[in-house]
Amino acid sequence: MVRLMNITEAIAAEHATFMSMFHQIELVLPSVKSQAEISTIAAVVAGLLGGHAQLETDLAFVALDHALLHKGQLKTIHREHREMDERLQQVQRAATCGQARRLLRAALRASARHFRNEERYVLPMLERALKPEDQAALSKAFTRIRGGKAKPREEQELGG
């Protein structure tokens with residue numbers, strides 16, 4: 001029998017996938033020759049990160065709202081998510097290819113730091129706060145959403 005990852009393992013696995021993607025983008029970024037291409041990369045990253053942040057909020061962080069709010073970490077998480085999005089939007093407004101490249105590189109590095117902080121502080125707190133049956137239920141919901149059997153909220157709102 002295959003064991004589902006618990007919700008924190010699933011979130012950490014997505015973080016690892018993002019980190020690998022960020023690394024690959026950083027490898028090809030020097031050879032990208034136009035601001036439009038860099039903007040397209042930033043738009044793809046922003047879309048993927050937005051879906052991930054919504055999934056984290058809907059499935060995991062809601063369970064920790066009280067505990068995180070008490071420690072001020074919930075506000076920090078939401079602020080960092082907004083900052084990550086804003087950094088990627090800045091890439092879209094860059095005047096030159098070089099500026100877009102620098103902004104995208106900074107956005108990727110800030111996102112990577114955010115993931116490391118979540119894994120270091122928030123995910124362990126989530127594991128301690130949730131009962132095993134709650135973790136299992138969240139893992140099943142995560143699997144349904146990522147497996148295409150359920151749609152994240154933003155897709156449902158768009159009618160997709």
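The values are calculated or read from the model by the stated rules, or taken from the named source; none is laboratory data. A quick note: this is a predicted structure, and the numbers were derived from the prediction, not measured. When we count neighbours, we look across all protein chains shown, and the Cβ atoms used for this are built from the backbone with ideal geometry, even at glycine.
Highlighted here are the helices (runs of 4 or more DSSP H) found entirely within region 1-95 that include at least 2 residues which are modelled with pLDDT under 95 and either under 19 Å from ASP134 (Cβ atoms) or among the basic types (Lys, Arg) (or both): 7-28, 62-71, 73-92. Looking only at residues in region 122-139 that are surrounded by 15 or more Cβ atoms within 10 Å (Cβ to Cβ) and of a type outside the set (A, V, I, L, M, F, W, C), the one that is nearest to the chain's Cα centre (by Cα) is SER139. Being at pLDDT 90 or above and in a helix (DSSP H, G or I) is a description that applies to ARG113.
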